[in-house]
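Comments concern the structure below.
The values are calculated or read from the model by the stated rules, or taken from the named source; none is laboratory data. Being a predicted model, the structure only gives us computed values, none of them experimental. Cβ placement follows ideal geometry from the backbone for every residue including glycine, while neighbour counts extend to all protein chains displayed.
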Amino acid sequence: MIAFVAGDLLASGETYIAQGVAEGNQEGLGTGLAFKISRRWPDVQVAFKKYARSGRFTGGDIWTLAPAPDRPGFVYMATQPDMYHATMPYLRKAVRKLAQWADRHGVVSVALPKIGAGLGKLSWDDDVKPLLVEHLTPGPTHFVIYETFRNEFEVE
């Protein structure tokens, strides 16, 4: 199942929050959604960096961190070969892995931004959105895509 919404992804009630990041041991978690996550839940960035430094986080891979009492779980997806551009091959592989992982683990819900289409610079309408619809619609997990980000302080 898939839904497209407007709102504050970080205030979502979904079980997991997924986001795209650069592969490997790149320290590019200081911008965009990754920065907001690291400010709000520093333990997430610490755990991810420890894993990424192992050299096992390559293009299309996913890394997961289970929910805790004070925060949702997280899925980091290697959608970018560097900190500046996502690629469709990486994104396609990561989205497939996300769907398979969620199905295999009985994940109820996952919130995502317009993954790969912000700082990753891919076309939302032409490339990313159709890919998400194709791969995230069929399974039982409810994927909530925050197509328009708004937080409680912004007016419509």
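Considering each of VAL133, VAL108, VAL128 in turn, give the residue that is buried (at least 18 other Cβ atoms within 10 Å of the Cβ) and of a type outside the set (Asp, Glu).
Details: VAL133 fails: buried (at least 18 other Cβ atoms within 10 Å of the Cβ); VAL108 fails: buried (at least 18 other Cβ atoms within 10 Å of the Cβ).
Sole residue among the options that is buried (at least 18 other Cβ atoms within 10 Å of the Cβ) and of a type outside the set (Asp, Glu): VAL128.
In region 73-97, how many are of a type outside the set (S, T, N, Q), under 13 Å from GLU23 (Cβ atoms) and in contact with a helix residue (DSSP H, G or I) (Cβ under 9 Å, 6 or more places away or on another chain)?
The qualifying residues number 6.
If we scan region 84-93, do we find a residue that is modelled with pLDDT under 90, more than 22 Å from LEU131 (Cα to Cα) and among the aromatic types (Phe, Trp, Tyr)? Walk me through how you get there before you give the answer.
Pass one, region 84-93, residues modelled with pLDDT under 90: 84-85.
Add one more test, that the residue is more than 22 Å from LEU131 (Cα to Cα), and what stays is none.
Looking through region 84-93, none of the residues is modelled with pLDDT under 90, more than 22 Å from LEU131 (Cα to Cα) and among the aromatic types (Phe, Trp, Tyr).
Kindly indicate the residue of region 44-64 that is hydrophobic (A, V, I, L, M, F, W, C) and touching a residue at least 24 places away in the same chain (Cβ under 8 Å) and also surrounded by the most Cβ atoms within 10 Å (Cβ to Cβ) among those meeting that condition.
Just the residues of region 44-64 that are hydrophobic (A, V, I, L, M, F, W, C), to begin with: 44, 46-48, 52, 57, 62-63.
Pick out the ones that are also touching a residue at least 24 places away in the same chain (Cβ under 8 Å) and you get 44, 48, 52, 57, 62.
Details: VAL44: 21, PHE48: 21, ALA52: 23, PHE57: 21, ILE62: 20.
Here the answer is ALA52.
Tell me which of these MET77 doesn't satisfy, since it passes every other one: (1) among the aliphatic types (A, V, I, L, M); (2) buried (at least 18 other Cβ atoms within 10 Å of the Cβ); (3) over 13 Å from PRO113 (Cβ atoms).
(3)
Have a look at VAL110, VAL128 and point out the one that is in contact with a Gly (Cβ under 8 Å, 6 or more places away or on another chain), of a type in the set (Val, Ile, Thr) and on the phi < 0 side of the Ramachandran plot.
Numbers: VAL110 fails: in contact with a Gly (Cβ under 8 Å, 6 or more places away or on another chain).
Only one candidate passes the filter, namely VAL128.
Could you tell me which of the residues LYS121, LYS114 is farther than 20 Å from TYR16 by Cα, among the charged types (D, E, K, R) and not in a strand (DSSP E or B)?
Details: LYS114 fails: farther than 20 Å from TYR16 by Cα.
Exactly one of LYS121, LYS114 is farther than 20 Å from TYR16 by Cα, among the charged types (D, E, K, R) and not in a strand (DSSP E or B), namely LYS121.
Identify, from the list TRP124, TRP101, TRP63, the residue that is among the aromatic types (Phe, Trp, Tyr) and touching a helix residue (DSSP H, G or I) at 6+ places or on another chain (Cβ under 9 Å). Outline the logic, then answer.
Values: TRP124 fails: touching a helix residue (DSSP H, G or I) at 6+ places or on another chain (Cβ under 9 Å); TRP101 fails: touching a helix residue (DSSP H, G or I) at 6+ places or on another chain (Cβ under 9 Å).
The match here is TRP63.
Mind checking which residues of region 41-62 are of a type in the set (Asp, Glu) and under 19 Å from MET83 (Cβ atoms)? Steps first, please.
Restricting attention to region 41-62, the residues satisfying the condition of being of a type in the set (Asp, Glu) are 43, 61.
The answer is ASP61, and nothing else.
Of the residues PHE74, PHE4, only one is within 18 Å of THR137 (Cβ to Cβ) and in contact with a strand residue (DSSP E or B) (Cβ under 9 Å, 6 or more places away or on another chain); which? Spell out how you get there, then give the answer.
Working: PHE74 fails: within 18 Å of THR137 (Cβ to Cβ).
Residue meeting the stated conditions: PHE4.
Among the candidates PRO72, PRO67, single out the residue that is buried (at least 20 other Cβ atoms within 10 Å of the Cβ), of a type outside the set (A, V, I, L, M, F, W, C) and closer than 22 Å to THR15 by Cβ.
Values: PRO67 fails: buried (at least 20 other Cβ atoms within 10 Å of the Cβ).
Residue meeting the stated conditions: PRO72.
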